[in-house]
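What follows is a single structure, written as structure tokens, with notes after it.
No value in this document is a laboratory result; all are computed from the given coordinates. This is a predicted model, so every value here is computed, not measured. Glycine gets a Cβ as well: all are built from the backbone with ideal geometry, and neighbour counts include every protein chain shown.
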Amino acid sequence: MPTASERIPPIVRPLVSEKARNALDLVGKLVNEECLTSDPVYSAQLGQGTGRWSYPPIMADLNKRAQELGLWNMFLAKGHYKEGAGFTSLEYGLICEQFGRSRVASEATNNSAPDTGNMEVLAKYCTEAQKARWLQPLLKGEIRSCYVMTEPDTASSDATNIKLTIKRNGDPYILNSQKWWISGAGDPRCKLYVVLGKTNPDKYGQQSIILVPTNAPGITVKRMLSVYGYDDAPHGHAYLIFKDVRIPAENIILDESRGFEVGQGRMRPGRIHHAMRSIGAAEEALRWLLTRANAEHKKTFGKLLSQQGAILQCMAKSRIEIDAARLIVLNAAAAIDAGNAKTALVEIAQARVLVPNMALDVIDRAVQIYGAQGICQDTPLTYMWANVRTVRIADGPDEAHLEQLGRREKKRAPAATTSLEKQLEMTDMLFRKYETMESGLCSRL
Ligand SMILES: Cc1cc2nc3c(=O)[nH]c(=O)nc-3n(C[C@H](O)[C@H](O)[C@H](O)COP(=O)(O)OP(=O)(O)OC[C@H]3O[C@@H](n4cnc5c(N)ncnc54)[C@H](O)[C@@H]3O)c2cc1C
């Protein structure tokens with residue numbers, strides 16, 4: 001079997017350093033030999049009822065192992081953060097593909113969302129005091145955090161709709177409103193909410209982001225939400241109420257009115273990480289598909305499934321789609337490395353739309369090939385599908401990205417000032433003129 005670094009697409013290989021290739025192989029080995037085998041243990045260690053919101057002990061063992069191997073906090077990109085492992089976006093993207101194959105790998109190595117995005121925000125925008133209080137324990141994996149933006153009573157994909165109020169009253173800010181789909185809030189180690197709200201509802205630059213300790217008086221969990229029936233314990237997704245929550249003014253990030261800028265900066269690179277994890281999930285689904293297709297004990301009409309033309313087509317289509325999608329994401333990562341996440345907007349949006357849709361198709365083919373077994377708890381395919389399906393909404397809905405891409409594409413088209421009929425006449429005229437010129441030239445020769 002080729003190692004992870006031997007499978008880097010040839011076209012991007014020159015962009016990957018030796019240090020990154022070594023790390024990629026180590027991550028691939030960790031995922032193959034320790035994370036994939038830990039996945040079912042992790043699920044089994046999750047308790048029942050309230051016990052589900054405690055921490056499966058196997059994760060502490062995996063954290064220790066990843067730290068011993070030096071595979072820790074690999075997400076902070078080269079050139080942007082002094083705290084990081086020093087990989088480019090493209091190199092880290094390749095590493096994320098390996099993480100995406102296992103349920104536990106990202107967290108085992110302290111590279112899991114939403115902490116990664118929050119740590120990027122803290123490293124990039126926060127004061128030394130804010131970093132000492134929140135970034136350092138997050139980098140060590142001692143605490144967890146949430147990103148708190150979405151609200152139940154607004155269309156939250158348009159961040160201008162956000163209603164949570166952050167009002168100044170003497171020194172503290174006072175926060176009021178409701179938030180939901182707050183991932184990670186069920187984890188008992190979660191100590192920080194990075195909250196987006198409005199400080200100046202009537203002015204340009206309405207939004208601000210403020211750091212809120214999870215034990216601040218006035219915050220309550222109304223209920224936990226499930227994803228296609230999965231509770232995603234021990235992290236979960238919470239519906240939170242903020243009632244007169246008093247937070248010191250020093251906890252604001254950068255300044256009032258800079259929330260939108262900080263929020264956008266946080267999300268764009270994360271989309272590459274999610275996309276590459278989805279590629280990893282698709283690869284893993286294809287591996288499951290191949291295992292079933294070659295199962296000697298489950299032949300149909302005397303043949304292995306892998307001897308049926310229709311199944312071979314499924315395999316071929318899946319391979320083509322995964323490899324094509326990987327190149328789209330790596331292209332976006334290379335564009336970030338060449339400029340920044342803002343200059344790579346188009347490439348990031350392309351990857352964000354294409355990849356989860358591709359991964360869902362591949363996972364669904366694997367489900368189909370397993371028959372009834374594919375839709376029950378016996379394989380990771382159902383959880384994988386539910387997880388990837390949420391990306392089409394959670395990371396900004398597909399439609400919003402498509403609209404943004406469509407608008408840019410539209411601008412490239414010249415304004416149609418004449419009818420198509422007229423344009424054809426003009427082409428015809430030019431063609432005749434060219435023919436006359438050419439025959440004149442030939443006669444002179
Ligand atoms: C599993 C999961 C985890 C999440 N984790 C977090 C978290 O940790 N923190 C957090 O703050 N939020 C989180 N979210 C919420 C997520 O960010 C929002 O669901 C997302 O931004 C969309 O907002 P909305 O649900 O309010 O949908 P809306 O904004 O109401 O949009 C609904 C639908 O309208 C359509 N639509 C929207 N815009 C357009 C457009 N421009 N053109 C055409 N159609 C459009 C789309 O079909 C879209 O799906 C999570 C969501 C999920 C599912």
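Please give the length that would be gained between Gln264 and Asp364 if that part of the chain were fully extended, namely 0.36 nm times their separation in residues minus their C-alpha to C-alpha distance (nm, one decimal).
32.8 nm
Expected output is a single nm value to one decimal: the length gained when fully extending between Glu409 and Lys29, i.e. 0.36 nm times separation in residues minus the C-alpha distance. What is it?
Residue separation times 0.36 nm, minus the Cα-Cα distance, leaves 132.6 nm.
Taking the Cα centre of region 280-320 as origin, sum charge times position over the Cβ atoms of Lys and Arg (+1) and Asp and Glu (-1), and report the length of that vector in debye to the nearest 20.
Result for region 280-320 is approximately 140 debye, rounded to the nearest 20.
Once every DSSP H run of n ≥ 4 in the chain is given -39500 (n - 2.57) and the sum is divided by its residues, what mean residue ellipticity at 222 nm do you get, rounded to the nearest 500 deg cm²/dmol?
-15500 deg cm²/dmol
With r as the distance between the Cβ atoms of Asn357 and Gln377 and R0 = 30 Å, compute the FRET efficiency 1/(1 + (r/R0)^6) and round to 0.05.
FRET efficiency, Gln377 to Asn357: 0.75.
Reachable lysines from Lys410, Cα under 25 Å, same-chain residues fewer than 8 places away excluded?
Correct list for Lys410: Lys342, Lys422.
Name the residue, out of Lys411, Lys422, Lys29, whose mean-square fluctuation peaks in a Gaussian network model built on the chain with Cα pairs under 10 Å.
Lys422
Evaluate the distance, in nm, between pseudo-label points positioned 7 Å from the Cα of Leu46 and of Glu421 along their respective Cα→Cβ axes.
My value for the distance between the label points is 6.5 nm.
Could you give the distance between the Cα centres of region 359-379 and region 1-72, to the whole Å?
Distance between centres, Cα-based: 23 Å.
Please order Leu76, Leu430, Leu289 by the number of other Cβ within 10 Å, starting at the fewest. Could you put the intermediate results ahead of the total?
Working: Leu76 22, Leu430 10, Leu289 26.
Fewest to most other Cβ atoms nearby, the residues stand as Leu430, Leu76, Leu289.
To the nearest 0.05, what FRET efficiency results for Lys140 and Lys78 with a Förster distance of 25 Å applied to their C-beta separation?
With R0 = 25 Å, the Cβ-Cβ based efficiency is 0.75.
Here is the link list: Lys29/Lys298; Lys64/Lys140; Lys140/Lys179; Lys78/Lys124; Lys78/Lys179. Which ones come out longer than 23 Å on Cα distance?
Distance filter (> 23 Å) returns Lys29/Lys298; Lys140/Lys179; Lys78/Lys179.
How far is it, in nm, from the label point at Ala216 to the one at Lys298 when both lie 7 Å from their Cα along the line to the Cβ?
The answer from the label model is 5.0 nm.
Can you pull the one-decimal nm distance between simple spin-label points at Thr165 and Thr3, each 7 Å off the Cα toward Cβ?
Here the answer is 5.9 nm between the modelled labels.
Calculate the length of the line joining the C-alpha centroid of region 197-276 to that of region 76-113, in whole Å.
First find each Cα centre; the distance between them is then 22 Å.
Report ³J(HN,Hα) in whole Hz for each residue of region 234-239, in order, from the Karplus equation J = 6.51 cos²θ - 1.76 cosθ + 1.60 where θ = phi - 60°; Gly and Pro get x.
Running phi through 6.51 cos²θ - 1.76 cosθ + 1.60 with θ = phi - 60° gives x, 7, x, 10, 9, 9 Hz.
With r as the distance between the Cβ atoms of Tyr434 and Ile393 and R0 = 45 Å, compute the FRET efficiency 1/(1 + (r/R0)^6) and round to 0.05.
0.25
At 0.36 nm per residue, and after removing the present C-alpha to C-alpha distance, how many nm does the segment from Ala316 to Ala400 gain when stretched out fully?
Working: separation 84, 0.36 × 84 = 30.24 nm, distance 3.11 nm.
Contour length minus the Cα-Cα distance gives 27.1 nm.
With equal scatterers on the alpha carbons only and no solvent term, can you work out the Debye log10 of I(q)/I(0) for the chain at 0.07, 0.14 1/Å?
Those come out to -0.41, -1.37, one per q.
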